[in-house]
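The values are calculated or read from the model by the stated rules, or taken from the named source; none is laboratory data. Computed from a prediction, not measured in an experiment: that's the story for all the values here. Don't worry about glycine lacking a Cβ; one is built from the backbone with ideal geometry, like all the others, and counts go over all protein chains shown.
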Amino acid sequence: MSYTAASAQIDNTSDSADEDDLPYYLAGPCPPWCDRAHEDTVDDAERLHMSTGLMWEVMLVTEDPVKSDSEPHTLSDYFPPELAVYMDQHVREVSPRIAIDGLPAGRTQLHLLPAEARTVGEALIHLAEVAEGRRTFVDSRGGQKTSDNCVKG
């Protein structure tokens, strides 16, 4: 069974279900910014509202490079670490949280260039305004979203 929030309908090929049914753990429809597929599973990771369109990735060019797992290493195996700024909300939480993820291993402090700091700041403000309902959901790639874009599969 899968849920499509855009039409609030059930696509159920195995048994009959009321069109207003949601996956058993959802108390109501998803927030308008959620583009995650929610299934009737016991996996707790499924129960997280998230939007890939509301994720900013900021390349940290002044941090020590990260190396890929390939062996032997070549120059192209080294790349700058990326900081991810995004919003998520567990289905039982009352409001979304804004996360900053990807701190380089063992680091508790970042050094950002002005352009990097500006991008992180814009991402934080944008996400806070979406979370508060003060801004229309425009994803980090510039696409306009509305509440009927939340599709569950």
Test residue 26 against the criterion of being in contact with a helix residue (DSSP H, G or I) (Cβ under 9 Å, 6 or more places away or on another chain), surrounded by 11 or more Cβ atoms within 10 Å (Cβ to Cβ), modelled with pLDDT of 85 or more and in a loop (DSSP other than H, G, I, E, B), and give yes or no. no
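Let's see how each residue does on (1) exposed (fewer than 15 other Cβ atoms within 10 Å of the Cβ); (2) modelled with pLDDT of 90 or more:
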residue: 111; (1), (2): yes, no
residue: 114; (1), (2): yes, yes
residue: 117; (1), (2): yes, yes
residue: 120; (1), (2): no, yes
residue: 127; (1), (2): no, yes
residue: 137; (1), (2): no, no
residue: 142; (1), (2): yes, no
residue: 148; (1), (2): yes, no
Under 29 Å from residue 129 (Cβ atoms) and free of Cβ contacts under 8 Å to residues at least 12 places away in the same chain - does that describe any residue in region 67-90? no
Of all residues in region 68-88, which are of a type outside the set (Phe, Trp, Tyr) and surrounded by 12 or more Cβ atoms within 10 Å (Cβ to Cβ)? 77, 80, 81, 82, 83, 84, 85, 87, 88
Is it the case, given these coordinates, that residue 104 is in a loop (DSSP other than H, G, I, E, B) and either surrounded by fewer than 11 Cβ atoms within 10 Å (Cβ to Cβ) or among the hydroxyl-bearing types (Ser, Thr, Tyr) (or both)? no
Quick one: which of 35, 18 is farther than 28 Å from residue 85 by Cβ and either assigned to a loop (DSSP other than H, G, I, E, B) or at pLDDT 70 or above (or both)? 18
Of all the residues that make up region 108-139, how many are in a loop (DSSP other than H, G, I, E, B) and either without any contact (Cβ under 8 Å) to a residue 24 or more places away in the chain or in contact with a helix residue (DSSP H, G or I) (Cβ under 9 Å, 6 or more places away or on another chain) (or both)? 11
Of all residues making up region 51-66, the number that are surrounded by 15 or more Cβ atoms within 10 Å (Cβ to Cβ) and either at pLDDT below 85 or assigned to a loop (DSSP other than H, G, I, E, B) (or both): 6
Does residue 93 qualify as being assigned to a loop (DSSP other than H, G, I, E, B), of a type outside the set (Phe, Trp, Tyr), surrounded by fewer than 17 Cβ atoms within 10 Å (Cβ to Cβ) and at pLDDT 80 or above? yes
